[in-house]
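The values are calculated or read from the model by the stated rules, or taken from the named source; none is laboratory data. Just so it is clear, the structure is predicted and the values come from calculations on it, not from any experiment. Neighbour counts run over all protein chains shown; Cβ positions are idealised from the backbone, glycine included. Note: areas computed on protein heavy atoms with side chains; ligands, DNA, RNA excluded. Shrake-Rupley method; radii C 1.70, N 1.55, O 1.52, S 1.80 Å.
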Amino acid sequence: MRALIVAAMFVALFALQGRADAGGGDGFALAQQGWTQLSMDHKKEALAFFARAVDRAATPAEQGEAHLGAGMAYIMDGRPREALEPLRLAGLAGPYEIAVSARLRAEATIDLGDTVSARAYLRQALGLDGEDRQSLRRLMILLARDGADADAWRAAQRALRLDPADAEARRIVARTAPRVKGDRDAVLGLRRLTRPLLKPGDAGSPAKGARMIRVGLYATPAGRPSELFSCVLVPNADYRADALSPVPRAAGAVGEPRLLIFDAATRRLEIRDLTRDLLLSTTAPVRLSPRADAPSVLVSSAQTVDTNADVDRGDREVRGAVIAIPGERGFILIEESELEPYLYGVVSVALPDGAPSAALEAEAVVARTEALRAVADAPIGAAWDVTDAGVLRTIGVSGELRAAADAVDATSGLALYRNGVLSEAPQHEDSGGWTEEGAADGNFSGPRPSSGAALARFLHDPPSGLFSAADASGTPASSRWILTLDERGLRQRAARIQDVGRLISVAVSSRTPTGRVVELTVVGARGALVVRGAADIEAFLSPGSLRSTLFDLQPLGGPSRLRRLLVWGAGTGDGRGFSRVGTVGQAALGISRDGILRRYFPDATPAKK
């Protein structure tokens with residue numbers, strides 16, 4: 001164990017030296033020397049380096065980082081009032097420091113006793129970066145302290161969806177829940193629909209042999225539909241409900257809501273009308289099928305068995321039929337739809353409203369390829385092929401955009417093939433500059449940085465020409481993001497694996513050849529811990545909200561005690577295959593659908609089979 005601790009501290013010191021030697025005396029290199037001084041708790045020397053970095057900065061990102069460092073130095077020196085101006089300037093200098101500067105300004109104003117301004121800054125940070133768990137938790141605590149019960153409860157519920165083990169969020173939920181008045185789902189702002197939007201005759205009858213897909217509804221990020229104990233189903237046409245076993249059927253007319261309930265005592269699935277009269281009771285799966293050319297079923301008021309499940313419980317109108325499958329504690333819902341109209345919702349959610357047609361068509365081809373592979377690869381006996389969460393996320397008919405539907409129709413049946421076989425076609429939000437396969441996600445040249453000072457510069461000050469910069473609808477946080485983590489929270493999350501005591505250092509101990517982190521070494525006063533793999537690294541650093549594993553670490557506080565950890569990250573997602581943000585940027589620059597597809601899948605060809 002002692003050997004591991006010594007080795008980990010050597011890794012951390014080597015990384016700091018690499019920052020200090022990060023290339024001459026330009027703004028970036030001077031800022032790195034400032035961070036190195038701050039990591040040794042030399043605040044005065046750090047401020048001097050950050051001041052020189054401001055003068056020598058050649059890019060807005062360099063200038064923003066230098067101001068950010070000065071603000072952080074003042075905060076760590078117990079001078080919050082003096083921190084406000086450099087933090088303000090950091091937010092003005094460049095797009096990548098805006099969210100973190102708002103977060104730190106909130107911290108400074110809290111120290112000054114101004115919680116009103118702090119709440120405004122935290123909301124600003126969350127508006128700029130919806131994955132900012134640090135701002136969410138700080139806002140949650142402030143709201144609870146100030147007696148804003150409904151807002152605090154809502155923030156705590158969101159925090160629990162990110163990290164079900166968050167003890168502070170659980171305490172706030174327990175304390176504020178009794179004081180939340182009215183419909184709690186309304187307080188959460190869940191999507192509510194009153195009737196189906198799809199007209200029964202909106203499309204022609206399904207073509208003979210049309211490809212079908214089964215979609216698990218109300219799925220968690222883990223890729224499994226959540227168990228429900230009740231929901232309301234409203235078909236858009238006259239329907240029948242068939243239990244998939246020799247039992248009687250139920251039928252009904254358009255506009256007749258049906259209550260679907262799981263009886264936990266008998267483990268039976270019941271269909272009732274809104275007066276609670278029983279229409280059907282069975283232990284077998286049930287299919288509800290509207291009789292229409294364009295059938296749909298509105299699923300509303302879904303109640304999950306696991307109240308803390310990270311799932312969108314908003315109403316959704318799904319195309320085709322709905323199958324309810326009872327289990328041990330509840331039932332799951334499966335949408336059974338034609339593939340092509342199902343893709344309308346997928347493409348609509350994947351790209352922003354107003355995305356160019358070339359981007360939408362490229363997304364349609366990629367999504368269709370992945371959907372076809374999922375159908376082909378589904379295990380025998382599996383109840384679903386894909387879910388409504390994850391890469392092929394959809395919220396149903398209400399989320400469909402006309403331009404996205406047009407793109408799906410324009411590429412009908414078109415998928416990617418390699419040597420005559422369906423190609424793999426993974427996608428992610430934003431590569432940060434390079435995909436894992438080596439495609440440059442921008443108009444720039446030079447080797448891909450994967451370690452050392454070159455990687456640090458790439459993460460802190462990305463090259464000009466990123467396609468994400470041409471995406472006017474995007475957020476800078478998808479490309480570059482900065483976390484500010486306190487030692488106490490890190491220590492608590494480390495203790496879920498192993499109690500190593502007060503933390504001394506956290507360092508990257510292994511990367512992939514492309515620079516992504518695969519292992520961290522955590523050294524504490526009572527031992528050391530190795531954290532491996534993307535899921536465990538996320539759980540340790542920022543549960544449910546770590547955008548990617550392409551990052552670098554900057555410890556702060558002193559040579560023998562960690563006080564804070566800065567995480568400088570790039571991209572959102574695993575970086576494999578198709579970059580959605582990069583696609584929109586390329587299309588905005590006039591690159592065609594096929595040109596976009598060739599960049600990300602050079603060995604695959606779009607074809608119909």
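General remarks:
- Contact map, segment 459-474: residues that are in contact (Cβ under 8 Å) with a residue 24 or more places away in the chain paired with residues that are in a helix (DSSP H, G or I) and small (Gly, Ala, Ser), Cβ distance under 6 Å, separation 6+ or inter-chain. Pairs shown: Asp461/Ala61; Phe467/Gly582; Phe467/Gly585; Ser468/Gly585; Ala470/Gly585; Ala470/Ala588; Asp471/Gly585; Gly474/Ser468.
This table checks each residue for (1) touching a His at 6+ places or on another chain (Cβ under 7 Å); (2) over 30 Å from Leu541 (Cβ atoms); (3) surrounded by fewer than 24 Cβ atoms within 10 Å (Cβ to Cβ); (4) at pLDDT 95 or above.
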position: Gly557; (1), (2), (3), (4): no, no, yes, no
position: Leu565; (1), (2), (3), (4): no, no, yes, yes
position: Phe578; (1), (2), (3), (4): no, no, no, yes
position: Ile596; (1), (2), (3), (4): no, yes, no, yes
position: Pro602; (1), (2), (3), (4): no, yes, yes, yes
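- Residue match in segment 13-33 (condition: open to solvent by 40 Å² or more (accessible area, probe 1.4 Å), at pLDDT 95 or above and closer than 17 Å to Pro555 by Cβ): yes
- Test: residue in segment 371-391 that is outside any strand (DSSP E or B), in contact with a helix residue (DSSP H, G or I) (Cβ under 7 Å, 6 or more places away or on another chain), farther than 18 Å from Lys608 by Cα and open to solvent by less than 40 Å² (accessible area, probe 1.4 Å): yes
- Tabulated pairs, segment 557-586, first within 29 Å of Ile504 (Cα to Cα) and charged (D, E, K, R), second open to solvent by less than 20 Å² (accessible area, probe 1.4 Å) and at pLDDT below 95, C-beta under 8 angstrom, 6+ apart or interchain: Arg563/Gly557; Arg564/Gly557
- Test: residue in segment 238-251 that is hydroxyl-bearing (Ser, Thr, Tyr), in contact with a Cys (Cβ under 9 Å, 6 or more places away or on another chain) and touching a residue at least 12 places away in the same chain (Cβ under 8 Å): no
- Cβ-Cβ under 6 Å pairs, at least 6 apart or on other chains, segment 133-156 side closer than 17 Å to Ser545 by Cβ, far side part of a loop (DSSP other than H, G, I, E, B): Arg133/Ser542; Arg133/Ser545
- When each of Leu122, Leu92 is tested for being among the aliphatic types (A, V, I, L, M), open to solvent by less than 60 Å² (accessible area, probe 1.4 Å), touching a Ser or Thr at 6+ places or on another chain (Cβ under 9 Å) and within 17 Å of Ile482 (Cβ to Cβ), the lone residue that passes is Leu122.
- Selected residue (only one of Ser451, Ser468, Ser431 is open to solvent by less than 40 Å² (accessible area, probe 1.4 Å), among the hydroxyl-bearing types (Ser, Thr, Tyr) and under 15 Å from Val517 (Cα atoms)): Ser431
- Subset of segment 504-526 that is assigned to a loop (DSSP other than H, G, I, E, B) and charged (D, E, K, R) - its residue that is nearest to the chain's Cα centre (by Cα): Arg516
- Contact annotation: residue pairs with Cβ atoms under 8 Å, 6 or more positions apart or on different chains, pairing a residue in segment 373-394 that is closer than 18 Å to Tyr344 by Cα with a partner that is open to solvent by less than 50 Å² (accessible area, probe 1.4 Å) and among the polar types (S, T, N, Q), are Asp388/Thr394; Ala389/Thr220; Val391/Gln427; Thr394/Ser348.
- Selected residue (criterion: farthest from the chain's Cα centre (by Cα)) from residues of segment 158-168 that are touching a residue at least 40 places away in the same chain (Cβ under 8 Å) and open to solvent by less than 30 Å² (accessible area, probe 1.4 Å): Asp166
- For the condition surrounded by fewer than 17 Cβ atoms within 10 Å (Cβ to Cβ), under 17 Å from Trp35 (Cβ atoms) and either touching a Lys or Arg at 6+ places or on another chain (Cβ under 7 Å) or free of Cβ contacts under 8 Å to residues at least 60 places away in the same chain (or both), Glu85 does not qualify.
- Selection of segment 282-302 for residues being buried (at least 17 other Cβ atoms within 10 Å of the Cβ), over 20 Å from Glu338 (Cβ atoms) and touching a Lys or Arg at 6+ places or on another chain (Cβ under 8 Å) yields Thr282, Ser300, Ala302.
- Filtering segment 193-208 to residues that are loosely packed, with under 13 Cβ neighbours inside 10 Å and modelled with pLDDT of 85 or more leaves Thr194, Arg195.
Let's see how each residue does on (1) under 29 Å from Gly544 (Cβ atoms); (2) out of contact with any Ser or Thr (no Cβ under 8 Å at 6 or more places or on another chain):
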{"position": "Val254", "(1), (2)": "no, yes"}
{"position": "Arg268", "(1), (2)": "no, no"}
{"position": "Leu280", "(1), (2)": "no, yes"}
{"position": "Pro290", "(1), (2)": "no, no"}
{"position": "Ala294", "(1), (2)": "no, yes"}
{"position": "Asp306", "(1), (2)": "yes, no"}
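- Taken as a whole, the structure leaves Gly501 outside the set of residues that are part of a loop (DSSP other than H, G, I, E, B) and at pLDDT below 95.
- Boolean, Gly489 is within 21 Å of Gly544 (Cβ to Cβ) and open to solvent by less than 50 Å² (accessible area, probe 1.4 Å): yes
- Filtering segment 321-360 to residues that are in a loop (DSSP other than H, G, I, E, B), within 30 Å of Arg184 (Cα to Cα) and open to solvent by less than 40 Å² (accessible area, probe 1.4 Å) leaves Gly327, Gly330.
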